[in-house]
Number of protein chains: 2
Amino acid sequence: MKEEEKERIKAKAFEYFHKAGIILSSQEKENMEIADLGLNDFERTGIVLAVYVNNSRYCAKEMVLFPRQTCPEHRHPDHNGREGKMETFRCRYGEVYLYTEGEKTKNSKAHPPAGDEKYYSVYHEIILLPGDQYTIDKNTLHWFQAGEEGAVISEFSSPSDDVSDIFTDPRIKRVSND
Amino acid sequence: MKEEEKERIKAKAFEYFHKAGIILSSQEKENMEIADLGLNDFERTGIVLAVYVNNSRYCAKEMVLFPRQTCPEHRHPDHNGREGKMETFRCRYGEVYLYTEGEKTKNSKAHPPAGDEKYYSVYHEIILLPGDQYTIDKNTLHWFQAGEEGAVISEFSSPSDDVSDIFTDPRIKRVSND
């Protein structure tokens, strides 16, 4: 992604953080991650991340999804003798449609990006409005999409190690940002 | 503390959460903790807590300090074979004056509640404005006070086990809220 495109996306993400009443330091703004997950399809599949803290014991970050943007299906397995990541998503702004393992929800609020359905396998829906949260256990498949207004989501979790994430879509390779 | 007094404090705390743009679920509002730490001096020494998640791996909560209110000096030691709590304080609204181990700061912004100075021993000052944060390692003495506007503080941490906290003031006994 071109630097100028990244700056455009960052500026748009700030607007969402502002709507959610979230104030970032200048360093956090600087270090904000625009993740297109190597798919080069950011408008449909991608996420913006601002990491507050990620140490050996816990992690906290804020995320922005633009309208109908999807964070694709993945899980956090045990890795190198360390327990897989457990995480709590808390909606701060907008609506989040979260899908995880369990009974398929009929008439769901969201669908995988058209053409990518083969890389999605879990369809149990949890709807998160501002003030709602949901905890995903380690090694549990999940994906999520914002509603029409976009969404701001806080994530509280055990330590974050992006490189051990396993995505259902084999085209995706997550790289470390440390 | 009388139930009616607790309700008055809760209502005031909601106003601060509102100013910080933080939305709580009705259950979180219901379960909000008004901690006077057994000192019966809540206006000067105490804190309001709303816990988002506290599992075996991580914890996240929001806290309100009213103007010039102090969370008294304490530390989180190892306990029953579990590592002491490490925690990150992030200011969301107002100003926070945090004191921890290290060189004493001259002309500090805050002082212990008058008459309680003997229960305070660390005076290295960190000032947190909205968007600022600071991480306290396990077993490290710390206390904090809000500025004139009060403060809303997010805490991200390893699991929270209130009963193992050690306060410098021997009159304080923290009880579990689980």
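State the extension gain, in nm to one decimal, for the chain segment bounded by B:Glu30 and B:Asp78, taking 0.36 nm per residue of separation less the distance between their alpha-carbons.
14.2 nm
Any chance you could check the Cα centroid distance between the stretch A:105-131 and the stretch B:133-154 for me, in angstrom?
Between the Cα centres of the stretch A:105-131 and the stretch B:133-154 lies a distance of 39 Å.
Under 20 °C and 1.002 mPa s, how fast does the stretch B:1-63 diffuse according to Stokes-Einstein, given a Kirkwood radius computed over C-alpha pairs? Answer in µm²/s, whole number.
171 µm²/s
I'd like the residues of the stretch A:137-168 whose 1.4 Å-probe accessible area shrinks by no less than 40 Å² going from the isolated chain to the full set of protein chains.
Hits at the 40 Å² cut-off: A:Phe156.
Might you report the magnitude of the Cβ-based charge dipole of the protein assembly as shown about its Cα centre, with Lys and Arg at +1 and Asp and Glu at -1, to the nearest 20 debye?
Here the protein assembly as shown has a charge dipole of around 40 debye.
In Å², and per residue, what accessible area does chain B have when probed at 1.4 Å with the other protein chains present?
47 Å²
Can you tell me how much longer the chain between B:Ser108 and B:Ser121 gets when fully stretched, taken as 0.36 nm per residue apart minus their C-alpha distance, in nm with one decimal?
Extra length available between B:Ser108 and B:Ser121 comes to 3.3 nm.
Quick one: if you stick a label point 7 Å off each Cα along the C-beta vector at A:Glu15 and A:Glu101, how many nm between them?
With each label placed 7 Å out from Cα toward Cβ, I get 3.9 nm.
So how much slack lies between B:Lys173 and B:Asn55, counting 0.36 nm per residue of separation and subtracting their Cα-Cα distance, in nm?
Contour length minus the Cα-Cα distance gives 40.2 nm.
Keeping the other protein chains in place, figure out the carbon and sulfur percent of the accessible area of the stretch A:39-178, with a 1.4 Å probe.
47 percent
Quick one: net charge of B:Ala110's neighbours, Cβ under 9 Å, K/R +1, D/E -1?
Counting the neighbours of B:Ala110, the net charge comes to +1.
Straight-line reach from B:Lys106: which lysines have a Cα under 22 Å away, not including same-chain ones fewer than 8 places off?
Hits, sequence-local ones excluded: B:Lys118.
If the reach is capped at under 15 angstrom between alpha carbons, list the aspartates and glutamates near B:Lys138, excluding any in the same chain fewer than eight residues apart.
B:Glu73, B:Asp78, B:Glu83, B:Glu87, B:Glu101, B:Glu155, B:Asp161, B:Asp162, B:Asp165
Using a Gaussian network model of chain A with C-alpha springs under 10 Å, which one of A:Gln145, A:Gln69, A:Gln133 is most mobile by mean-square fluctuation?
Among A:Gln145, A:Gln69, A:Gln133, the largest mean-square fluctuation in the Gaussian network model of chain A belongs to A:Gln133.
List the lysines whose Cα lies under 21 Å from the Cα of B:Lys6, skipping any in the same chain that are fewer than 8 positions away.
B:Lys19, B:Lys29, B:Lys61, B:Lys173
Give, in whole angstrom and from largest to smallest, the semi-axes √(5λ) of the equivalent ellipsoid of the protein assembly as shown, with λ running over the eigenvalues of the Cα gyration tensor.
38, 20, 20
For label points placed 7 Å from Cα toward Cβ, what is the shortest-first list of nm distances from A:Asn40 to its copies?
Copy-to-copy label distances for A:Asn40: 7.2 nm.
Which residue is it, in chain B, whose C-beta lies closest to the B-to-A rotation axis, and what is that distance in whole Å?
For the rotation taking chain B to chain A, the closest Cβ gives B:Gly21, 1.
What does the convex hull of the Cα atoms of the stretch B:27-67 come to per residue, in Å³, rounded to a whole number?
Spread over its residues, the Cα hull of the stretch B:27-67 gives 84 Å³ apiece.
Using a loss threshold of 30 Å², tell me which positions in the stretch A:84-125 are less accessible in the complex than in their chain alone. Probe radius 1.4 Å, ligands and nucleic acids ignored.
A:Met86, A:Arg90, A:Arg92
Report the label-to-label distance for B:Leu129 and B:Asn40 in nanometres (one decimal), using points 7 Å from each Cα along the Cα→Cβ vector.
4.1 nm
Could you tell me the total accessible area buried at the A-B interface, probe 1.4 Å, in square angstrom to the nearest hundred?
It comes to approximately 2200 Å² buried between A and B.
For the stretch A:44-74, which residues drop by 40 square angstrom or more in accessible area between the chain on its own and all protein chains together (1.4 Å probe)?
Residues passing the criterion (a loss of at least 40 Å², heavy atoms only) are A:Tyr52, A:Arg57, A:Tyr58.
Which one, A:Ser154, A:Ala11, A:Thr168, projects farthest toward the positive side of the charge dipole computed for chain A from Cβ point charges (K/R +1, D/E -1)?
My answer, from the dipole projection, is A:Ser154.
Okay, helix-only estimate at 222 nm for chain B: each DSSP H run of n ≥ 4 adds -39500 (n - 2.57), divide by all residues, round to 500 deg cm²/dmol; what do you get?
Helices in chain B give a 222 nm mean residue ellipticity of -4000 deg cm²/dmol.
Using the alpha carbons of the stretch A:1-126, what is the convex hull volume per residue in cubic angstrom, as a whole number?
140 Å³
For A:Gly102, which inter-copy label distances result when the label point lies 7 Å beyond Cα on the Cα-to-Cβ vector, reported in nm to one decimal and in ascending order?
4.3
Note the distances from B:His18 to each other copy's matching label point, with points 7 Å along the Cα-to-beta-carbon direction, in nm, sorted shortest first.
Those label-point separations list as 2.4 nm.
The values are calculated or read from the model by the stated rules, or taken from the named source; none is laboratory data. Given the structure is predicted, the values throughout are model-derived calculations rather than measurements. Virtual Cβ from ideal backbone geometry, glycine too; neighbours counted across all protein chains shown. Remember, those area values only see protein heavy atoms, side chains included, never the ligands or the DNA or RNA. Shrake-Rupley method; radii C 1.70, N 1.55, O 1.52, S 1.80 Å.
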